[in-house]
Structure formats: C-alpha cells, structure tokens
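The values are calculated or read from the model by the stated rules, or taken from the named source; none is laboratory data. These numbers were taken from a predicted model, which means no experiment stands behind them. Methodologically, a virtual Cβ is constructed for each residue, glycine included, from the backbone with ideal geometry; neighbour enumeration extends over all protein chains shown. Side chains are part of the model used for accessible areas, which takes the heavy atoms of the whole protein and leaves out ligands, DNA and RNA. Shrake-Rupley method; radii C 1.70, N 1.55, O 1.52, S 1.80 Å.
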Amino acid sequence: MHRRNWAKGTVAVLLTVVAFTACQRTDPTITTSAFPVADVGTSITVPLTATGGTGAYRWTAVGLPAGLKLQGRTLTGTPTKTGSSNVALTVTDAAKHSARRTVRLLVQTSAHAHALELLNADRTRLGVGPVTRRTDISDSAQRWAEQMVANGDISHTFDPAKGQIPAWIPTCPAGSTQLVGENVGKGPSLEYIETKWIHSASHLRNIKNPALETVGIGVAEGSGGELFVAEMFYTGC
C-alpha cells in the first residue's frame with residue numbers, strides 16, 4: 001500500500017491596489033450678478049468677477065450702453081445716454097470652457113444722481129450710513145414718477161395701514177425678511193422736495209432708517225416744470 005504525504009503550505013497572494021483620482025472638470029462661473037446704477041456724464045469703473053475654471057480668463061461683453069467699453073476684465077467709460085441695457089457677459093478660461101450671464105445696466109440722469117446725493121447727505125447728517133441705488137427698484141421708481149406726472153398729483157404705490165404689499169418688491173425665497181419704505185413728492189426742485197421730506201415725520205422715518213440699505217429713485221418733470229420724485233427704499237434678497 002502506498003501513501004502520499006501532502007505537505008501543507010501557505011500560498012501568499014500579493015495584491016497591488018492602485019488608487020485612481022478622477023479628474024473633475026470645473027467650468028468658470030460668472031459671479032457678477034448686478035451693476036451699479038450709472039449716470040449720464042459720470043464715469044464708472046466696474047471690475048467683472050468669476051470663479052472656477054483653469055488659468056486666466058478672457059471676457060467679452062455685448063450690448064453695452066453708449067460710452068462704455070470693456071478693457072480686460074473691467075467695464076469702464078462715461079455713459080452718454082439714459083436707458084436700460086441687457087449686457088451679455090461671457091468668460092472663457094485657458095481650457096476654453098465658457099460661462100455666460102446677462103446683467104442689466106441702468107443709466108439715469110444727473111437729476112437722479114443729485115437726488116441720491118441729497119438723500120445720503122441727510123442720512124450722514126443724521127448719523128446713518130448711505131444707501132445705494134438698486135437697478136430693478138430704480139426702474140420701478142422711475143415708472144411711478146412718470147405715472148404721477150400723468151396723474152397730475154403724487155400718490156403711494158401701497159398703503160401699509162391696509163396691509164398692502166408693494167408690487168415693486170423682488171420675489172424672494174420663502175421665509176425671507178424684507179423691509180420697505182417709500183417717499184413721494186413734488187416741487188420746483190429736488191432740494192425743495194428733500195427739505196419737505198426732512199420736516200415730515202413719516203418721510204423722515206424712511207430717510208434715517210439704518211436698516212434700509214438700497215433705494216430706487218425716479219425723477220420726472222411735469223408740463224409746468226414741476227418735478228415728481230419717487231424714492232423706494234428696500235432691504236431684502
């Protein structure tokens with residue numbers, strides 16, 4: 001009888017694990033979401049901003065108002081006409097990946113700029129920080145100033161005592177906090193109207209409210225040369 005003795009051994013298996021890191025493509029994203037309100041005859045300089053992508057950016061801008069141009073990544077120049085323009089921005093990175101965004105640019109008159117100067121001068125005197133003009137609300141304010149001219153008298157767009165909400169406020173996510181105020185007036189000059197507001201408790205309340213951070217300004221002239229002004233204050237989204 002024959003026996004076979006099997007030697008028991010251990011077989012070592014060497015596994016080599018190679019880790020692969022996925023190369024994720026990151027396209028650029030334009031972060032410029034709004035332009036400051038510009039004024040005819042006053043120069044502006046606005047840098048354009050973006051994130052992501054690879055390497056240096058190349059910018060293009062289509063639909064700029066007359067008098068403005070793009071130099072590198074900076075919008076610069078002096079507007080020569082009033083109006084609202086939809087500026088189509090494109091940014092392209094070194095890998096030729098692009099992003100696009102349309103941003104509205106509003107150009108107003110020197111009267112609008114002066115109204116803002118008067119308002120912020122009073123806020124400074126009252127120990128309150130300045131407000132800045134917001135494009136969408138400035139559009140609404142201008143339309144209302146012109147509507148008051150057509151009506152021949154001043155009126156508000158809403159009545160808070162009746163629980164009314166102004167139609168001009170932006171649409172915000174649910175649960176957002178929004179703060180609004182509105183001054184309207186008419187008179188022979190912007191200085192006259194601002195002085196009347198300062199001596200009116202309800203108008204002064206809006207002017208000196210530090211929680212109101214932006215404003216829309218509308219100025220329109222009636223047939224007799226009288227000015228109609230609407231200032232819509234807003235803080236929110």
Inset, instruction - Identify the residue in the range 52-97 that is surrounded by 16 or more Cβ atoms within 10 Å (Cβ to Cβ), without any contact (Cβ under 8 Å) to a residue 24 or more places away in the chain and of a type in the set (Gly, Ala, Ser) and, among all such residues, is farthest from Phe35 (Cα to Cα). - result: Gly67
Legend entry - Sole exception among (1) modelled with pLDDT under 95; (2) open to solvent by 50 Å² or more (accessible area, probe 1.4 Å) for Arg100, by number: (1)
Inset, instruction - Identify, from the list Ala121, Ala115, the residue that is open to solvent by less than 40 Å² (accessible area, probe 1.4 Å), touching an Asp or Glu at 6+ places or on another chain (Cβ under 9 Å) and closer than 30 Å to Ala211 by Cβ. - result: Ala115
Legend entry - Given (1) surrounded by fewer than 16 Cβ atoms within 10 Å (Cβ to Cβ); (2) more than 24 Å from Gly222 (Cβ to Cβ), index of the condition His156 fails: (2)
Legend entry - Scope the range 200-219; condition open to solvent by 10 Å² or more (accessible area, probe 1.4 Å) and part of a strand (DSSP E or B); matching residues: Thr214, Val219
Inset, instruction - Using the structure shown, decide if Gln147 is of a type in the set (S, T, N, Q), part of a helix (DSSP H, G or I) and within 20 Å of Ser110 (Cβ to Cβ). - result: no
Inset, instruction - Report yes if Ala141 is open to solvent by less than 30 Å² (accessible area, probe 1.4 Å), at pLDDT 95 or above, part of a helix (DSSP H, G or I) and closer than 29 Å to Val87 by Cβ, otherwise no. - result: yes
